[in-house]
1. Per DSSP helix of 4 or more residues, -39500 (n - 2.57); summed, then divided by the residues of the chain. What does that give at 222 nm, rounded to the nearest 500?
2. Along each principal axis of its Cα atoms, how long is the chain end to end? Whole angstroms, biggest number first, please.
3. Please go through the residue pairs LYS40/LYS89; LYS38/LYS89; LYS7/LYS80 and name each one whose alpha carbons sit more than 26 Å apart in this structure.
4. At a Förster distance of 30 Å, what's the computed FRET efficiency of THR96 paired with ASN14, Cβ-Cβ distance as r, to 0.05?
5. Report, in whole Å, the centroid distance computed from the Cα atoms of the stretch 69-114 and the stretch 1-59.
6. Using θ = phi - 60° and the Karplus form 6.51 cos²θ - 1.76 cosθ + 1.60, what ³J(HN,Hα) does each residue of the stretch 20-26 get, whole Hz, x for Gly and Pro?
7. Restricting to Cα pairs below 8 Å that are 6+ residues apart, what does the relative contact order work out to for the stretch 1-52? Please round to a whole percent.
8. How high is the relative contact order of the chain, in percent, with contacts defined as C-alpha pairs under 8 Å that are six or more residues apart?
Amino acid sequence: MRRKTYKGRCEKRNLEKFTSICKTYDPIQSAYANILVKNKDIAEVRCNVALDDDCSEYMTDFVCTETNGDLMVRECISTKLLEKPLSMKLLDMSRTYWLRHGVSDWGIVVDAAEE
């Protein structure tokens with residue numbers, strides 16, 4: 001989850017199943033976009049979906065439509081940012097937003113933990 005006005009580096013790719021150009025802002029998003037393309041249970045993917053209501057400044061990383069018609073939402077975050085208070089607040093805001101909109105399959109995607 002990031003601000004709509006995010007000014008960082010962006011990779012743009014045209015991927016199957018994505019409704020528009022897939023814009024990824026970090027390696028976690030890019031890798032997960034590849035996973036979604038290969039997943040047979042996913043019919044369509046929207047990335048960087050703007051939230052309405054009180055969260056209007058922010059975007060959700062991936063909103064996926066499964067082949068059975070259900071929605072699945074995923075937020076990508078680095079493990080080193082996971083315990084920061086602002087990150088936790090934004091993730092909770094996203095989860096609450098999507099629950100209010102009837103989406104129960106909400107989750108986060110993290111990078112592999114380095115040892």
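What follows is calculated from the coordinates using simple rules that are stated; it is not laboratory data. Source: prediction; values computed, not measured. Please note: Cβ atoms are built from the backbone with ideal geometry, for glycine as well, and neighbour counts cover all protein chains shown.
1. Estimated from H runs of four or more residues: -8000 deg cm²/dmol.
2. 35, 34, 29
3. Working: LYS40/LYS89 32 Å; LYS38/LYS89 31 Å; LYS7/LYS80 21 Å.
Among LYS40/LYS89; LYS38/LYS89; LYS7/LYS80, the Cα-Cα distance tops 26 Å for LYS40/LYS89; LYS38/LYS89.
4. Efficiency computed from Cβ-Cβ geometry: 0.40.
5. Rounded to whole Å, the Cα centres lie 13 Å apart.
6. Going residue by residue, I get 8, 4, 7, 10, 10, 10, 7 Hz, with x marking Gly and Pro.
7. 34 percent
8. 23 percent
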